[in-house]
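A quick write-up on the structure given underneath.
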Amino acid sequence: MNHPLPPETAEHPLAPGQRLAEVERRELSPEALAEIRALAQRYPQRMAATLPALYVAQRDFGFLSLGAMKAVARALELPEGHVFGVATFYTMFRKAPVGKYHMQVCTNLSCALRGAAQVVKKLAERTGAVPGGGPTADGLWSIEEVECLASCGSGPCVQVNHGVYDEFLDEAALEQVLEACRKGEVPAWGEE
Amino acid sequence: MRIRTKRDPQSYTFPGYGTEAFPSLLLRGAGDLDNWKIQAYEGRHEGYQALRKALASAPAEVTEEVKRSGLRGRGGAGFPTGLKWTFMPKDTEEKKVTRYVVCNADEGEPGTFKDRAILEYNPHQLIEGMIIAGWAMQCRMGFIYVRGEFKWLVDKLDAAIQEAREQGYLGKNILGSGWDFDLLTYRGAGAYICGEETALLNSLEGRRGEPRVKPPFPAQVGAYGQPTTVNNVETFACVPPILRMGGAAFAGIGSPNNSGTRIFGISGHVKRPGLYELPMGTPLRFLVEELAGGTSSGRPIKAICPGGSSAPFLTAEDLDTPMDFDAMKAKGTMAGSGGVVVMDDSVCMVQVALRLAHFYAHESCGQCTPCREGCNWMEMILHRIEHGQGRMEDLDLLASLTPRINLRTLCPLGDAAAGPIESILKKWRPEFEHHVKTGHCLAQESHLLVGAH
Ligand SMILES: Cc1cc2nc3c(=O)[nH]c(=O)nc-3n(C[C@H](O)[C@H](O)[C@H](O)COP(=O)(O)O)c2cc1C
Ligand code: FES
């Protein structure tokens, strides 16, 4: 084993030298734009709509490309720099694509004590996705280690996309989760 | 909208819960998937009676009652809630002030999972508590800041808030009092630091979740530049029972200066992990051995983290410590968030320290140098020790690092990171030395880390 330094993981908002992903699309869908315009009126100050608007754009684009962030800045009439700054601060704003089923496994202390590392390993084996490494070639799966999900007493746990957690994950429970995803019983990324 | 429909695998009760010895003030009906609705809250749990009582008395009297109860904040620091409420500036002849009340539902402290149960099963108790707080401080509006992962709970809160609005508990002229107040939820996006109250306020304003320099304190300049009070979910949930039973009766529960009940979460190597509501000051042993059934493996307990991952660690010798703010402080640790993590003797403490250091390094907002650099250095040093490349000097380097972080950072995240690491190094130093000398764990079956760490 040769690990002098902990490796940079994809969890980091933006690793040094990493560029923001770019896609062709530049504009929000009319529905998303209308939703963001409504959000701009909801709070005491327009800027407060930044986080909710980024969620809308993320759902609309699939992830927050540079174009998606610029579109949010235009819709809210806020400086682009502000929107980039916010989007890159928070881990739940994805700056790169994820799988249709994005599996977020808590590996913090309580879950680790109950076998979270083995859950990550098992998930990687069963889906072929590399933890922290982006979606599989078929676009179905991605796996990410996350910090405490407030499910410590019922860990290990996984959150698929933005759904209700699956808890007490032994091997059988994990199979059930994967099966439910394969059958389309779990809302796909961006459909929530 | 998505409301939880899956069966909840967790248990929230124990024999004797709900009797006089173990009053159930916060987890009533937990586990029942319909308990969140307003009919259940009003029908079974005396819901919104406390609000009627509050609105019939002057705002200052309500604050007095909360002061009398001795309630201390359940977010971690244990600050007296009634006193905090008095810091809010009042209206004067010349100037009307817009005041806000904010609920901290960011629950991100590893080992803590109590607020989630209140949001899931008793959201109306939180809502009622916030309306009462809003009345006591004469606030214009309240915000509930919920961590981003709890999307279904934000949906549920929105539904519950709508129910309360329809009953006239929120909105204009609440129950004929002439007072207007409403609540708005706000969803975070995955940042532990947003649990720190000033970072939370920045995030609530749509900014990066970076803590603010204090002073000014939130009671002077809070959300949107206005005087603001931030309290934890459980703190607000304690308010309706206080008004119903009276502050003095609430103060009679628990230990001196640490009144009321608290939801303790126990996790890790125990037979029956879960949430247990107990009077403050209950000995740790009762929770660990009686309720949680001791270690799941039957092996001896090696380490206990008594109040969320930011609390310095204890050992099995400390099991008789009462779980309250003062007794834990006297033991050199803190009652913190009430999340107790138990580890049996199969764990490698170097791995535990590394996992926590990784967490804090990842979650440091990066604004101030001691925290940003210090947390990263702690992780790097622990990383090389764990991976067999440590040097004996590293142990002293690590020991010299923690006091340079502690109390020198802009917000308490640095202290939260330094405390547990320092205690682990101090109490289990031979394990670190073994690692440096042999390159291996003393506890060989410890598999806490995923390859990447
Ligand atoms: C790094 C850090 C994280 C925190 N996380 C939380 C949290 O998740 N929930 C919470 O209620 N308080 C949290 N706090 C404490 C809050 O800053 C604040 O003290 C608390 O919300 C006050 O509420 P209380 O008086 O009701 O306890 C955190 C503090 C720090 C320094
Ligand atoms: S440690 Fe995994 S949910 Fe808290």
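Residue pairs whose Cβ atoms lie under 6 Å apart, sitting 6 or more positions apart in sequence or on different chains, and linking a residue in the stretch B:141-153 that is assigned to a loop (DSSP other than H, G, I, E, B) to a partner that is of a type in the set (D, E, K, R), are B:R147/B:D106; B:R147/B:E107; B:G148/B:R187.
When B:V347, B:V352 are checked against the criterion of being at pLDDT 95 or above and not in a helix (DSSP H, G or I), B:V347 stands alone in meeting it.
The residues of the stretch A:104-121 that are within 18 Å of the chain's Cα centre (by Cα), more than 7 Å from ligand 2 (Cβ to nearest atom) and either of a type in the set (V, I, T) or within 7 Å of chain B (Cβ to nearest Cβ) (or both), listed by number, are A:V105, A:T107, A:V120.
Being of a type in the set (S, T, N, Q), more than 21 Å from the chain's Cα centre (by Cα) and within 26 Å of B:A418 (Cα to Cα) is a property that does not hold for B:T295.
Please tell me if B:P412 is closer than 22 Å to B:G308 by Cα, within 16 Å of ligand 1 (Cβ to nearest atom) and buried (at least 23 other Cβ atoms within 10 Å of the Cβ).
No.
Is it the case that some residue within the stretch B:176-183 is outside any loop (DSSP other than H, G, I, E, B), touching a helix residue (DSSP H, G or I) at 6+ places or on another chain (Cβ under 9 Å) and within 19 Å of A:L39 (Cα to Cα)?
yes
Yes/no matrix, rows are residues, columns are (1) free of Cβ contacts under 8 Å to residues at least 60 places away in the same chain; (2) among the small types (G, A, S); (3) within 9 Å of chain A (Cβ to nearest Cβ); (4) in a helix (DSSP H, G or I):
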position: B:S337; (1), (2), (3), (4): no, yes, no, no
position: B:H358; (1), (2), (3), (4): no, no, yes, yes
position: B:C371; (1), (2), (3), (4): yes, no, no, yes
position: B:E379; (1), (2), (3), (4): yes, no, yes, yes
position: B:I385; (1), (2), (3), (4): yes, no, no, yes
position: B:G388; (1), (2), (3), (4): yes, yes, yes, no
position: B:D394; (1), (2), (3), (4): yes, no, no, yes
position: B:R408; (1), (2), (3), (4): yes, no, no, no
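Within the stretch B:1-37, being farther than 16 Å from B:R272 by Cβ, β-branched (V, I, T) and within 14 Å of chain A (Cβ to nearest Cβ) holds for B:I3, B:T5. In the stretch A:46-65, the count of residues that are more than 7 Å from chain B (Cβ to nearest Cβ), surrounded by fewer than 19 Cβ atoms within 10 Å (Cβ to Cβ) and touching an Asp or Glu at 6+ places or on another chain (Cβ under 6 Å) is zero. Looking only at residues in the stretch B:85-115 that are surrounded by 24 or more Cβ atoms within 10 Å (Cβ to Cβ) and not in a loop (DSSP other than H, G, I, E, B), the one that is nearest to ligand 2 (Cβ to nearest atom) is B:D115. Against the numbered list (1) out of contact with any Ser or Thr (no Cβ under 9 Å at 6 or more places or on another chain); (2) modelled with pLDDT of 95 or more, B:P370 comes up short only at (1).
Please determine, by comparing only the residues of the stretch A:122-159 that are assigned to a strand (DSSP E or B) and more than 15 Å from ligand 2 (Cβ to nearest atom), which one is surrounded by the fewest Cβ atoms within 10 Å (Cβ to Cβ). Break it down into steps so the answer makes sense when it comes.
Step one: list which residues in the stretch A:122-159 are assigned to a strand (DSSP E or B), which gives A:141-146, A:158-159.
Those still in the list that are more than 15 Å from ligand 2 (Cβ to nearest atom) too: A:141-143.
Numbers: A:W141: 23, A:S142: 26, A:I143: 26.
Per the criteria, the residue is A:W141.
Considering the stretch A:77-103 alone, what residues qualify as being more than 18 Å from the chain's Cα centre (by Cα) and either of a type outside the set (D, E, K, R) or within 9 Å of chain B (Cβ to nearest Cβ) (or both)? Within the stretch A:77-103, A:L78, A:P79, A:G81, A:H82 meet the criteria.
Scanning the stretch A:160-175 for residues that are in a loop (DSSP other than H, G, I, E, B) and within 14 Å of ligand 2 (Cβ to nearest atom) returns A:V164, A:Y165, A:E167, A:F168, A:L169. Just one of (1) among the aliphatic types (A, V, I, L, M); (2) away from every other protein chain (no Cβ under 11 Å); (3) within 20 Å of the chain's Cα centre (by Cα) fails for A:A172. It is (3).
Taken over the stretch B:87-110, residues that are more than 14 Å from every other protein chain (Cβ to nearest Cβ) and within 13 Å of ligand 1 (Cβ to nearest atom) amount to 2.
The values are calculated or read from the model by the stated rules, or taken from the named source; none is laboratory data. Everything numeric in this text was worked out from a predicted model, so none of it was measured. Using ideal geometry, Cβ is built from the backbone for each residue, glycine included, and neighbour counts are taken over all protein chains shown.
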